[in-house]
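The values are calculated or read from the model by the stated rules, or taken from the named source; none is laboratory data. From a predicted model like this one, the values you see are computed outputs, not experimental measurements. Glycine also receives a Cβ, built like all others from the backbone with ideal geometry; neighbour counts cover every protein chain displayed. Heavy atoms of the whole protein, side chains included, go into the accessibility calculation; ligands, DNA and RNA do not. Shrake-Rupley method; radii C 1.70, N 1.55, O 1.52, S 1.80 Å.
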Amino acid sequence: MDQGWVAVIGAAVGSIGATGAAAVAGWSGRRQASIQAASQQDQWRRQLRRETYGALLSAGAEARDELGSVFAALPSLPVPEERVSIRARLDETKRLINAVRLATAAVYVEGPPSILEPAKRVEEGLVLFHTAMTALATGPSDASGEFAAAYRATCAQQRVGVRNALMDFASAARRILDGDSRPVPLEQPAPTQDSAEELSHLLSAMASALGEEQLTLDADKTLWENGFDSLLIMQIVHFLRRDHGWDLEAVWFFEMGDQSVRQMAGHLAALRTSGSIPAARGDSRQRHLD
């Protein structure tokens with residue numbers, strides 16, 4: 001190979017090397033900019049979530065404190081004047097409940113999925129707390145009536161339950177902000193197929209709460225689809241406790257809100273088998289356990 005070709009080839013190789021180096025430098029710069037942009041995006045999202053979670057914690061704590069204050073001021077046998085004052089305070093707390101609903105909706109938008117259940121439990125617990133106290137303040141003045149004790153017990157449970165729900169939400173939020181978005185599974189026994197007795201008792205309690213025949217209820221629909229609201233759910237709790245000795249909290253029915261009545265009966269059967277709630281008085285499951 002003569003000297004002329006050697007010079008040409010050398011110049012070509014040098015040109016390719018310079019072009020390649022420039023391409024690598026350009027790619028590296030773009031990648032660095034992309035990484036920096038992604039990091040800024042992550043920081044922005046983390047800050048937005050921090051503010052969203054904090055808004056729900058703040059609104060939930062304020063609503064819980066105010067409802068707890070009203071409940072503490074609720075006498076056993078309120079006279080008409082006291083009932084008027086309590087009802088007025090409860091009307092004021094609707095603003096706080098609405099603030100919790102708005103904050104929960106914002107959490108649902110920001111996510112991730114693992115935070116949705118803890119957020120829902122905060123909102124549902126406060127709604128149940130407010131509903132139970134409203135029933136006490138607006139119902140018959142005889143506080144020893146059939147449902148008054150059940151409403152009062154629900155208020156006492158939710159005063160503690162909402163605080164626990166807020167703590168659980170705060171823990172879930174902290175995990176997510178630290179980079180762990182895995183959901184924490186609820187401690188709920190798997191449903192069992194052997195739930196005929198539970199279904200019968202549940203449908204009976206539902207019929208008693210609605211004042212209707214069991215035949216009008218659809219076991220393959222949810223409580224909401226069967227026409228139930230917070231107040232009627234508390235009546236179900238009352239009937240099951242009174243007639244069968246089942247010590248359930250109303251919030252359990254909220255947590256099972258997306259389940260059909262038949263599916264709920266399966267979960268109840270699993271809870272009773274595990275001993276989480278007592279068996280119905282005199283039923284076959286209790287005799288078997290004995």
Flagged in region 210-263 as on the phi < 0 side of the Ramachandran plot, modelled with pLDDT of 85 or more and among the small types (G, A, S), in numbering order, are A219, S260
Between a residue in region 229-244 that is without any contact (Cβ under 8 Å) to a residue 60 or more places away in the chain and open to solvent by 20 Å² or more (accessible area, probe 1.4 Å) and any residue that is part of a loop (DSSP other than H, G, I, E, B) and of a type in the set (G, A, S), which pairs come within a Cβ distance under 6 Å, given they are 6 or more apart or on different chains? H244/A280
Criterion (over 23 Å from the mean Cα position of the chain (by Cα), of a type outside the set (D, E), open to solvent by less than 40 Å² (accessible area, probe 1.4 Å) and over 15 Å from R159 (Cβ atoms)) met by exactly one of I86, I115: I86
In this structure, does V251 turn out to be closer than 21 Å to T154 by Cα and crowded, with 21+ Cβ neighbours inside 10 Å? yes
Going by the structure shown, is L271 in contact with a Pro (Cβ under 8 Å, 6 or more places away or on another chain) and either among the β-branched types (V, I, T) or modelled with pLDDT under 85 (or both)? yes
If E187 satisfies every condition in (1) under 17 Å from the mean Cα position of the chain (by Cα); (2) farther than 19 Å from T93 by Cα; (3) modelled with pLDDT of 80 or more; (4) open to solvent by 40 Å² or more (accessible area, probe 1.4 Å) but one, which is the exception? (3)
Answer yes if at least one residue in region 153-168 is part of a helix (DSSP H, G or I), farther than 24 Å from S58 by Cα and at pLDDT below 90, and no otherwise. yes
In the set D180, D194, D290, which member is farther than 23 Å from F147 by Cβ, among the charged types (D, E, K, R), modelled with pLDDT under 80 and open to solvent by less than 50 Å² (accessible area, probe 1.4 Å)? D180
Residues that are open to solvent by 50 Å² or more (accessible area, probe 1.4 Å), over 20 Å from the mean Cα position of the chain (by Cα) and not aromatic (F, W, Y): does region 49-68 have at least one? yes
